[in-house]
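Any read-out appearing in this document is the output of simple, stated calculations on the displayed coordinates, not a laboratory observation. What you see is a predicted model, and the numbers here were worked out from it, not measured in a lab. As a convention, Cβ positions derive from the backbone with ideal geometry for all residues, glycine included, and neighbour counts pool all protein chains shown.
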Amino acid sequence: MRKSSAEQSVLAALRQVLGRGELPGVDTGTRLFEDLGLDSTSVIELLMLIETQTGAEFDTESLELEHFATVGTLTEFVSSHG
């Protein structure tokens, strides 16, 4: 999957998980846990939404905490697995 498509999917899923129509100031450096307040439950929801949107299936054994550090690291993960 192209990086731009992956980023659009990540941002769309974040808007849904966070219940926001807009994400002002969110960019690739935005931290998922510290800046956006995600927790383990919301991360699972986020991944499920991205899988639904993209048709990708993520191998849970390949998931690392570092993949969820920022919007950018999650985008890279989605891009490389989609």
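When the dipole is taken about the Cα centre of the chain, and only Lys, Arg (+1) and Asp, Glu (-1) are charged at their Cβ, what size is it in debye, to the nearest 20?
Using Cβ point charges on Lys, Arg, Asp and Glu, the chain gives about 360 debye.
Using the Cα centre of the chain as origin and beta-carbon charges of +1 (Lys, Arg) and -1 (Asp, Glu), tell me which of Leu23, Leu47, Gly72 is placed farthest towards the positive end of the dipole.
Of the candidates, Leu23 comes out farthest on the positive side.
Exactly which trypsin sites (Lys or Arg not before Pro) in the chain are in a DSSP loop and have at most 14 other Cβ atoms within 10 Å? Let's see the in-between values first.
Working: sites: Arg2, Lys3, Arg15, Arg20, Arg31; in loops: Arg2, Arg20.
Sparse-neighbourhood loop trypsin sites (Lys or Arg not before Pro): Arg2, Arg20.
Say each of Glu61 and Glu22 gets a label point 7 Å from the Cα, pointing the same way as Cα to Cβ; how far apart are those two points in nm?
In this crude label model, Glu61 to Glu22 measures out at 4.5 nm.
Dividing the convex hull volume of the alpha carbon atoms of the chain by its residue count, what do you get in Å³ per residue? Kindly include the intermediate steps, with their values, before the conclusion.
Working: hull volume 6.7 nm³, N = 82.
Taking only Cα atoms, the chain has a hull volume of 82 Å³ per residue.
Within the chain, which is the longest segment that contains none of the GluC sites (Glu not before Pro) sitting in a DSSP loop with at most 13 other Cβ atoms within 10 Å?
Answer from the scan: 35-56.
Using label points projected 7 Å from each Cα along Cα→Cβ, tell me how many nm separate Arg15 and Met48, to one decimal.
It works out to 2.1 nm between the two label points.
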